[in-house]
Every structure is written in C-alpha cells, then in structure tokens.
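A.B. asks: One structure, pasted below without further comment.
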Amino acid sequence: MECKQRQSGSDLTTLEKIAGAPWSVGFFDTLRVIDATFQDLPRLGESGAIRNDIARLGQPASLTFEGRDIASLQMFGNSESAQGVAASDIDGSLSVPEVSNSGDDRIRDTLLVECMNMGCWGPNGILPLHMTENAYREHTFKTPNLEGFADIFHHRMLSLFYRVFADSQPTIALDRPDTSTFDEWIGALAGCADPEIDDQAQECDESASNLTEFRWAKLFHAGLLSRGIRSAEGLRQVLSSVLKLPVEVDDGKATWMTFEQNDRSFLGGGQVALGQTSYLGERILALNGNIRVCVGPVSENRLKRFLPGQEDNQTCHRWLRSYCGFSYRWTLVVVVESQPGDGATLGGDAALGWQSWLGHRYSRVIDIELPA
C-alpha cells in the first residue's frame, strides 16, 4: 500500500532481495538498507520509544553453529497484510510499513530482523545451553515466551551496537545527510561545526550557495585547519587546492608597520626604555606577521576574478582569514601571463589600473599586487 514513507522502487527492491535470500547479506548491511530506505522515520537506535522503531531486532533460539548473519526478514504489525507473514512466504515481495492515522507517530507495521551472529542463544551465546534448549522447545511448540522476553533486550542491544558502528562510518552517514553527525565531528576540529557561529561562513554569499561550498571545503581541509601551529606550507596547500592554481607563500616579507597613536612614546608618559622599547619615527620595518601570497601564472581572463570584490579575491581573503586569523597581514600578488592581444580600447572591459598598461609588454609575466 502506498504511503508517505514509501521510498523509490530500487530501495524496496533491495529489501525484497534481502527477504528472499537473507543468508546472502550481512547483518550491518541489512540494517543500513532499512535505515536508508525510510528517511522520514528515526534512525535505528535513536528513537525515543520502541513503538517508533521501523524495525525490531531479535534472535531465534538455535542449537547449531550458524553460517549466516540473518535468519529472516519479516513483517508484522496490526495491518491485515502484516499479521506475522514472513517475506519469504509471499513470493519474495515485501509490503511497505504503514503509519497509523490516529494522530500519533506509532508505526502500525514493523520489520522484524532475526539475526544469528549476535545474541544470548546458541553455542556462542552468553546463556547456558540448557536455556537455549528451553527457548527452542517453546519456539517449536509456537509458544516463544522466553524467546520474546530475550528479544526485548536483543532489540535495544543490537540497535545501539549498530548505531555505534554506523556513526563511525562516513559513508553510512551520507545515507542521511540531513541527520548526519560525522561531518559535525570533523567540523568541530576545523572550527565549522555550526555554520551559524562561523564568522567566515557568514561572510559568504548565501544566495550563490557559497556557504555550503566553503563549509565542505573546510571539512576537506580539516586536517590542516585543526593544527595549532599554522605554517606557510599548510596555507599553500589550502589555497592551491581551493583555487586550483600554483601558489607560493612567503612568510618573511618585510613591510613597514605604522605605529598607532596609543603606541607612540612621549616624554613623561609610558614605561619605555631608550634603546630597548622605544623607536624613532612613526613606523618600523617589520619581518614578523606579514605574508606574501603569490598566485599564478593566470590568464588575463582569470585575472578579472582576482580583482577587488570578485569571486577569487573574496575566496583568498576568506581563506587567509580562516587560516591565519587576525594576527597576520597579507599581500596578494597575481602573476599574469603576458599574451599578445588587442590591448585596451575605449569602451572595452579593461579596468584602468588593473588590466591595462601603457606601452608594450616585453616581459613574459607581470606581477600585480592587489590590496589586502
């Protein structure tokens, strides 16, 4: 029966194949398919009540050494099509669980997954073998009271065991990207676990989906961003990967640093010592705290994207601030390939001072220093 929880035909076909041949699929693989098929329902091991679980997990009593993980995949519940009918008994077809229309979120029909690889029963179980014999005897006479009691603990134990396994696998987390926590764990190392408090992410143009791209890029470079020591090589790797251009970083660039008014010395004030903490003049040549980033060579068309306010220029500023913080000053230099062209003309798209030159260009490359 069609319902709002019904997924695509390919997903349901996978469940039907598992129901028809449960011995051919692993335990974790089966639970992953179930978890990914019903996106609107709580994930296994995360529901607040057992009535909200899409699947019940249990173990049938057996005295043999089983060579498979799954014993059966069945459907049971309150609907007429699911009154304890096994999927293998209906020609491999598997009905879709229905949801109650009574106003609550209780699931009328539930999948039943019986596993053989983990649990209390059997030669490999934790209970004495005579208890397995008693449970198996009850199962044979269609009165599985002891088996049903143990499944109460089996369901919770196996659900939590699977949830621990699934949360540690990034590929399984992508089955439900809206509720994935793996990227949040990685983002916590890179400083982008919560986009609402990520200052650099808030500067992105959300209308152009740059926010999502920037966050995924930070997750990709979480190994470099999580390091307490920031190096020039790490910055070069990040910018080169993001811009997809050759990048060189010089962290020993000497620049003139102008003193602020509050930092200047005057007679009768301040704790300064001649020759130690006092300087003559309004600025000083500093070698620390300055970075020179050289990008390129690039074509003249690509140069337009590095002009102030353009996409690549904003990308460089965003990543430099994210990687270096506010403790460093940087200078962006773009190396432009000198190519023959028609030159700048009146009414053209060449920007004065950025994409136009006087005279002839004889050098192979031209360095353009852009403001930080």
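The values are calculated or read from the model by the stated rules, or taken from the named source; none is laboratory data. Just so it is clear, the model here is predicted, and its values are computed rather than measured. With ideal geometry, Cβ positions are generated from the backbone for all residues, glycine too; neighbour counts draw on all protein chains shown.
A.B. asks: Quick one: how many residues across the range 309-337 are in contact with a helix residue (DSSP H, G or I) (Cβ under 9 Å, 6 or more places away or on another chain) and either under 25 Å from residue 287 (Cα atoms) or of a type in the set (A, V, I, L, M, F, W, C) (or both)?
C.D. replies: Residues in the range 309-337 being in contact with a helix residue (DSSP H, G or I) (Cβ under 9 Å, 6 or more places away or on another chain) and either under 25 Å from residue 287 (Cα atoms) or of a type in the set (A, V, I, L, M, F, W, C) (or both): 14 in total.
A.B. asks: A follow-up question, please. Taking only pairs six or more apart or across chains, which ones have beta-carbon atoms under 9 Å, a first residue in the range 311-327 that is buried (at least 18 other Cβ atoms within 10 Å of the Cβ), and a second residue that is modelled with pLDDT of 85 or more and in a loop (DSSP other than H, G, I, E, B)?
C.D. replies: 312/245
A.B. asks: Output yes when any residue across the range 148-161 is hydroxyl-bearing (Ser, Thr, Tyr) and surrounded by 17 or more Cβ atoms within 10 Å (Cβ to Cβ), and no when none is.
C.D. replies: Checked the range 148-161: at least one residue is hydroxyl-bearing (Ser, Thr, Tyr) and surrounded by 17 or more Cβ atoms within 10 Å (Cβ to Cβ).
A.B. asks: Please indicate, with yes or no, whether at least one residue in the range 227-239 is in contact with a Phe, Trp or Tyr (Cβ under 9 Å, 6 or more places away or on another chain) and either polar (S, T, N, Q) or at pLDDT below 75 (or both). Explain how you work it out, then say what you get.
C.D. replies: Taking the range 227-239 and keeping what is in contact with a Phe, Trp or Tyr (Cβ under 9 Å, 6 or more places away or on another chain), we get 230, 234-235, 238-239.
Okay, now just the ones that are also either polar (S, T, N, Q) or at pLDDT below 75 (or both), so none.
Taking every residue of the range 227-239 in turn, none turns out to be in contact with a Phe, Trp or Tyr (Cβ under 9 Å, 6 or more places away or on another chain) and either polar (S, T, N, Q) or at pLDDT below 75 (or both).
A.B. asks: Regarding residue 29, is this residue modelled with pLDDT of 80 or more, surrounded by 21 or more Cβ atoms within 10 Å (Cβ to Cβ), in a helix (DSSP H, G or I) and assigned by TED's automatic domain parsing to the domain that holds residue 173? Walk me through it before giving the result.
C.D. replies: Working: modelled with pLDDT of 80 or more: yes; surrounded by 21 or more Cβ atoms within 10 Å (Cβ to Cβ): no; in a helix (DSSP H, G or I): yes; assigned by TED's automatic domain parsing to the domain that holds residue 173: yes.
Against the criterion (modelled with pLDDT of 80 or more, surrounded by 21 or more Cβ atoms within 10 Å (Cβ to Cβ), in a helix (DSSP H, G or I) and assigned by TED's automatic domain parsing to the domain that holds residue 173), residue 29 does not qualify.
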